[in-house]
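Heads up: the structure comes next, in structure tokens.
The values are calculated or read from the model by the stated rules, or taken from the named source; none is laboratory data. Values in this document were obtained by computation on a predicted structure and should not be read as measured data. When we count neighbours, we look across all protein chains shown, and the Cβ atoms used for this are built from the backbone with ideal geometry, even at glycine.
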Amino acid sequence: MRSQLPQREDFAHFHRLETRWSDLDMLGHVNNARYFSFDESARLDYFAPLASAPDFWKKEGFILARIGCDFLQQLHHPAVVEVGFRITRIGRSSMDTEGAMFVGDKLIAVTRGVLVWFDYASNRAAPVPPHARSFIRGKEKLAPEETA
């Protein structure tokens with residue numbers, strides 16, 4: 001896992017979100033749980049072309065196995081958040097993700113997660129298929145590390 005903070009130029013995929021009044025906690029800043037929702041929105045947007053296949057989510061897809069967040073700055077409403085999302089590693093059946101949340105040029109938070117390719121019919125992990133690997137390679141600015 002990378003120890004340095006991601007930069008805007010590391011990402012080819014961005015998802016734009018506007019904060020809502022309901023995102024705030026009683027301290028007046030965006031609640032920490034919302035960052036995971038922001039990551040989810042960017043992740044689903046990233047994979048939308050793959051997920052549009054009729055059998056995606058029925059026969060195959062991915063599940064979120066782990067997610068964490070480094071909160072770097074407070075975020076106040078109203079704000080426009082641009083979430084950079086990328087795959088940093090593709091393994092046999094899992095993928096490492098990185099999300100970077102920016103307001104302007106300021107990095108607000110960094111999420112890192114693990115997705116597992118999943119066979120919904122057998123209810124178990126499955127190898128990341130060639131079409132998904134190809135899709136990811138075609139989206140990324142920085143090539144993900146690949147292991148078998």
(request) Report the residue count in region 58-72 for those that are over 15 Å from the mean Cα position of the chain (by Cα), over 14 Å from Thr111 (Cβ atoms) and surrounded by 11 or more Cβ atoms within 10 Å (Cβ to Cβ). (result) 2
(request) Those residues that are of a type in the set (A, V, I, L, M), more than 21 Å from Asp10 (Cβ to Cβ) and not in a loop (DSSP other than H, G, I, E, B), I need them from region 92-128; list them, please. (result) Val116, Ala125
(request) Go through region 41-57 and count every residue that is surrounded by 12 or more Cβ atoms within 10 Å (Cβ to Cβ) and polar (S, T, N, Q). (result) 1
(message) I need the full set of residues from region 47-71 which are of a type in the set (A, V, I, L, M) and in contact (Cβ under 8 Å) with a residue 60 or more places away in the chain, in order please.
(response) Leu50
(message) If Met95 satisfies all but one of (1) modelled with pLDDT under 95; (2) over 15 Å from Val30 (Cβ atoms); (3) not small (Gly, Ala, Ser), what's the number of the condition it fails?
(response) (1)
(request) Could you look through region 15-40, keep only residues that are part of a helix (DSSP H, G or I) and among the charged types (D, E, K, R), and pick out the one that is surrounded by the most Cβ atoms within 10 Å (Cβ to Cβ)? (result) Asp39
(message) On the basis of being of a type outside the set (D, E, K, R), surrounded by fewer than 18 Cβ atoms within 10 Å (Cβ to Cβ) and closer than 30 Å to Asn31 by Cβ, does Ala100 make the cut?
(response) no
(request) Look at region 19-46 and say how many of its residues are of a type in the set (A, V, I, L, M), touching a residue at least 24 places away in the same chain (Cβ under 8 Å) and farther than 14 Å from Leu64 by Cα. (result) 2
(message) Tell me yes or no: at least one residue of region 133-144 is closer than 19 Å to Ile67 by Cα and assigned to a strand (DSSP E or B).
(response) no
(message) Tell me the residue from Asp119, Asp39 that is over 21 Å from Ala143 (Cα atoms) and not β-branched (Val, Ile, Thr), please.
(response) Asp119
(request) Scan region 41-91 for residues that are of a type outside the set (A, V, I, L, M), in contact with a strand residue (DSSP E or B) (Cβ under 8 Å, 6 or more places away or on another chain) and assigned to a helix (DSSP H, G or I) and jot them down. (result) Ser41, Arg43, Asp45, Tyr46
(request) Can you confirm whether region 24-32 contains a residue that is at pLDDT 95 or above and not hydrophobic (A, V, I, L, M, F, W, C)? (result) no
